[in-house]
Amino acid sequence: MNENAVNILFLIGELPTPLIIMAISWSMWRSPPRFGENGYNTKRSRKSTEAWDFAQTAYGHYATITFAAVSAVTLAVGLSALFLKFGETAGFVTFLAVTGGQVAALFVIIAVIERQLKEKFDEDGKPR
C-alpha cells in the first residue's frame, strides 16, 4: 500500500471520533439528558438533580468547543500528513499522537467539570 493510501486511512480513522463527540456534546448542551439518563454520569454529578443538570450543560458546552478545535487540528494534521507524504511510520506516529490528544482532551474536560462540581455543590449535591 502506498504512503498516500495509508495516510488517507489514518485520516478516515481519526477524524470521525472528535466529530461524533462534538455532535453528541452539542446535543447535551442544547438539550441536556434528564436525571439518570445517559450523559455525563459520575458519582459527583449524580448527587442531585441540580448537580446533574449543571454537569450535563457544562460537559456539553466544554466538549462542543474543545472538540470543534480538536476536529480542526485532526483534519489539519491528517491533511498535512497526506500532502507532505509522510511515510508509513511517520503517519502512524502522527495517528497515535492525534488519538492521544483526543483522549487527553476528554480527560481535561472531565477534570474541569469535576473541579467545578466540587466548588459549586457540597457533598450532598446541594448548591453552595
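Bear in mind these aren't lab numbers, they're just calculated from the coordinates by the rules spelled out. These figures come from a predicted structure and were not determined experimentally. Cβ sites come from the backbone with ideal geometry, for glycine too, and all protein chains shown count toward neighbours.
Quick notes on this one:
- Pair residue 73, residue 15: separation of 7 Å Cα→Cβ label points (nm): 1.8
- Percent of alpha-carbon pairs separated by more than 25 Å within the chain: 37
- Nearby lysines by direct alpha-carbon distance to residue 120 (threshold 23 angstrom, same-chain neighbours under 8 apart not counted): 43, 47
- In this structure the amide hydrogen of residue 48, modeled in the peptide plane, comes within under 5 Å of no amide hydrogen from residues 5 or more places off or on another chain.
- Exposure proxy ranking for 37, 114, based on other Cβ atoms within 10 angstrom of each Cβ and starting from the fewest, stands as 37, 114.
- Per-residue [θ]222 nm for the chain (sum of -39500 (n - 2.57) over DSSP H runs n ≥ 4, rounded to 500): -26000 deg cm²/dmol
- Relative to its residue count, the range 68-112 spans a Cα convex hull of 48 Å³ per residue.
- Alpha-carbon Debye profile of the range 15-69, log10 I(q)/I(0) at 0.15, 0.16, 0.19, 0.26 Å⁻¹: -0.38, -0.42, -0.57, -0.92
- Note on 120, 47, 85: ascending count of other Cβ atoms within 10 Å places them as 85, 120, 47, the fewest first.
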